[in-house]
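Take a look at the structure below.
The values are calculated or read from the model by the stated rules, or taken from the named source; none is laboratory data. Keep in mind that what you see is a predicted model, and the values were worked out from it rather than measured. Reconstructed Cβ throughout: ideal geometry from the backbone, glycine too, with neighbour counts over all protein chains shown.
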Amino acid sequence: MSRQAERQPSSDPVPTPRLTLGSCLTTHYHAGNGRMVSEYQHRAGLSFIYGDTAIHGPALRSEPRQTLDRQPQAEQALRQQLRQLGFRTALRQSLALPKDSAEMFDRASEEDWLHFALEQLPQLREQGWDVDVRPGFLFDLTPVDGWYASARPDPNAQRFELEVGILVKGQRVSLLPLLARLVRQKSSALAPPQLKRRGDDEWVRLQLDRTPRDNRPLQVAVPLAKLKPILATLGELYLSEQPMADSLELSMADAARLDGLDGAGLHWHEGSQLLAFARALAERPSAGEPNGLGAALRPYQREGLGWLQTLRQLQVGGILGDDMGLGKTLQSLAHLLAEKNAGRLDRPALVVMPTSLIPNWQDEAARFTPQLRVAALHGAGRRAHFAKLADYDLLLTTYALLPRDIEKLKPQTFHVLILDEAQNIKNPASKAAVAACQLVARQRLCLTGTPLENHLGELWSLFQFLMPGWLGDAGAFNRDYRIPIEKHGDSARLAHLKGRINPFLLRRKKEDVARELPAKNDIVQWIELNAAQREIYENVRQAMNRKVQEEIDRKGLARSQLIILEALLKLRQVCCDVRLVAGDARPARGTTSGKLDRLMEMLEHLLAENRKVLLFSQFTSMLALIEAELEQRRIDYVQITGATKDRRQPVERFQAGEVPVFLISLKAGGTGLNLTAADTVIHYDPWWNPAAENQATDRAHRIGQDKSVFVYKLIARGTVEERILQLQAEKSDLAAGLLEGREEGWNLQQSDLDALFAPLP
């Protein structure tokens, strides 16, 4: 209204402030990018009402006297109030309000306008301001009465529909299509990096797809404190690629993420079971040791057992990704024993593993869960077990044999299917991976300390085994995750992928549970001789046994010490590597050492966990063979042997973290070294004098060591190594005398000799 047209006589000299609010879409040239851009302009028009008359602008002395008595000081106070609220005089004309209809003000930003609409406008109304909201004003906000969510499962399809929304004027309005629209428009307000930096007390304006009156779309403002958990849970991937509808169709496994919506304060209309599923995975309660378990579980192991039990209850799979040495095998056996005690192990469990781990599983099952009926589907005699698989609680097989035996195993439904060292199926096209995915099981588990070694495709392969199709096919996974993350460094996609897999991945690093670990952890790593070693071992054993018996017949047992030591030395060398007794001649089939193969597997995992390793052997010729393998794999190392002149440099390099592996011979490095940077000790060929072995271990485990030390002893199953290990426990003096040639303690009986030279099982 013009100043002149509206002046009328009034008996009320006190002005009532009127604030007119409007918006318009304008197009203008942007000098920064040289393009025409469209943007909204918003204006607040201030005028004053005297009785029935509206007037705007300052009172001018040059104006002719009118019958209206204006109050300049009161008007100025109202202007000042607006400025204190963040308004400023508009310097540019705008079509947001009619020209010359009021005194024009604007604000610095969209965020300022939203703050005004939420916080200040209600206060002005309470103070008696007359507020006139024009059609199309973008900050004409409708109150939000509440928040809701629903999750409708479709058990037949193993999927569910998720809807998240608000209550407005008594009606449910899904937020998902609104958020999807903003995400697809690449709105900076919801871009993950910006969203992360913004405070929870900030708000986002949303325009609803509803026009209940005057052709005005409803506008609402929602707090970021509620939007953040919704967007973090769903992620821009879902919102940008699914059909724009009121609900999202998700895999049942994605229900694990619903726990993330708790922070949004939603009222759940449907989906209590799915929400309980999510909370159970998130809580990860501990479980007590099952009755009969031959070990006391540490707290983190009880948590692992509880997690495995929860996965079974929820009928989903998972990856137990603890560091090497933290007891993944023990936790798995405890899980199987708990299932047996509860009467649920009514069909066998199957564990697939590298060949080298068969003896370890056999040993730990015998020690910790003797109640389980165990059969190893390994070797020529394995075929006898196929007709009676259901008679066993636990079956063990290897990645090499699984493809060969798949037709025998496919008809059997397993209670639990476990892949140990599951990175062996990281190539989804490998025979082992294809065969593993064909097996039928109620629950699938992966054990690996290195779930991801080279690229995300390896992780996809594990989950394709665990929950087929959950992460999409390989092409979709590459498009949605691998390329954005690996090539473009997309942190939002990485966060989304982590959010999806974390409920199904339990990984504890050594340092995470250091307080629960003893200062020194002794672990026997059982080794299976390969075919070539077995053949040569038997040949050497038979030949040396004849020589020993002939010597005993001539001189007697007590005076045959030298020939016995020579025989034991040769057998121990075969256990290390056949080249120690056969020179450079390689066997006609297979590799030269199952122990060396297993050592390289261990080092691969240990170094992936950033371990620092001391590797001891009393055979310098064996260290030379290990050295060649390390060089072939481009693994940095230092060493000390009797030929090493400068001992300081390798010690300093290892202590400084320049190299991860230190090769040490017994005589050269068993004493006098301080190597506290190490957290792992490997005795490749154990020394049967416990004091000497401990002295070597103490190179790492000594004053100044602030880490728990893992000590691995590599023992060839069924060989002289295992027999002397038993003697060490039963007759330590005799064991030391046998290996060191000491006369004291040399009380060897014929029964001891028979055990030492017994044939391989």
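Here region 369-418 is the region considered, the condition is being surrounded by 15 or more Cβ atoms within 10 Å (Cβ to Cβ) and hydroxyl-bearing (Ser, Thr, Tyr), and the residue that is nearest to ALA433 (Cα to Cα) is TYR399.
Of the strands (runs of 3 or more DSSP E) entirely within region 9-123, those holding at least 3 residues that are at pLDDT 90 or above and closer than 30 Å to PRO143 by Cα occupy 16-30, 35-50, 103-106.
Based on what the data block shows, is ALA387 part of a helix (DSSP H, G or I) and either in the same structural domain as VAL351 (by TED's automatic domain parsing) or among the small types (Gly, Ala, Ser) (or both)?
Working: part of a helix (DSSP H, G or I): yes; either in the same structural domain as VAL351 (by TED's automatic domain parsing) or among the small types (Gly, Ala, Ser) (or both): yes.
The answer is yes for ALA387.
Among the residues of region 350-375, just one is small (Gly, Ala, Ser), touching a residue at least 24 places away in the same chain (Cβ under 8 Å) and over 18 Å from LEU445 (Cβ atoms), namely SER356.
Can TRP470 be described as surrounded by 15 or more Cβ atoms within 10 Å (Cβ to Cβ), outside the structural domain of ALA608 (by TED's automatic domain parsing), among the aromatic types (Phe, Trp, Tyr) and touching a Ser or Thr at 6+ places or on another chain (Cβ under 6 Å)? Criteria met by TRP470.
Give region 205-221 a look and list any residue that's modelled with pLDDT of 70 or more and either of a type in the set (S, T, N, Q) or out of contact with any strand residue (DSSP E or B) (no Cβ under 9 Å at 6 or more places or on another chain) (or both), or say none.
Keep residues of region 205-221 that are modelled with pLDDT of 70 or more, which gives 205-209, 217-221.
Listed by number, the residues that qualify are GLN207, GLN219.
Conditions (1) in a helix (DSSP H, G or I); (2) surrounded by 19 or more Cβ atoms within 10 Å (Cβ to Cβ); (3) in contact with a helix residue (DSSP H, G or I) (Cβ under 8 Å, 6 or more places away or on another chain), marked per residue:
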{"residue": "ASN427", "(1), (2), (3)": "no, no, yes"}
{"residue": "ALA435", "(1), (2), (3)": "yes, yes, yes"}
{"residue": "THR450", "(1), (2), (3)": "no, yes, yes"}
{"residue": "GLY475", "(1), (2), (3)": "yes, no, no"}
{"residue": "PRO484", "(1), (2), (3)": "yes, yes, yes"}
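Looking across region 578-597 at every residue that is modelled with pLDDT under 75, small (Gly, Ala, Ser) and touching a helix residue (DSSP H, G or I) at 6+ places or on another chain (Cβ under 8 Å), the one that is nearest to ILE536 (Cα to Cα) is identified as ALA582. Note on region 601-626: among residues that are aliphatic (A, V, I, L, M) and surrounded by fewer than 17 Cβ atoms within 10 Å (Cβ to Cβ), the one that is nearest to VAL638 (Cα to Cα) is ALA624.
Being at negative phi, modelled with pLDDT of 85 or more and not acidic (Asp, Glu) narrows it down to one residue among THR671, THR680, THR697; which is it?
Values: THR671 fails: modelled with pLDDT of 85 or more; THR697 fails: modelled with pLDDT of 85 or more.
Unique residue meeting the criteria: THR680.
Of everything listed in (1) touching a Pro at 6+ places or on another chain (Cβ under 9 Å); (2) over 30 Å from LEU494 (Cβ atoms), the single unmet condition for ILE406 is (1).
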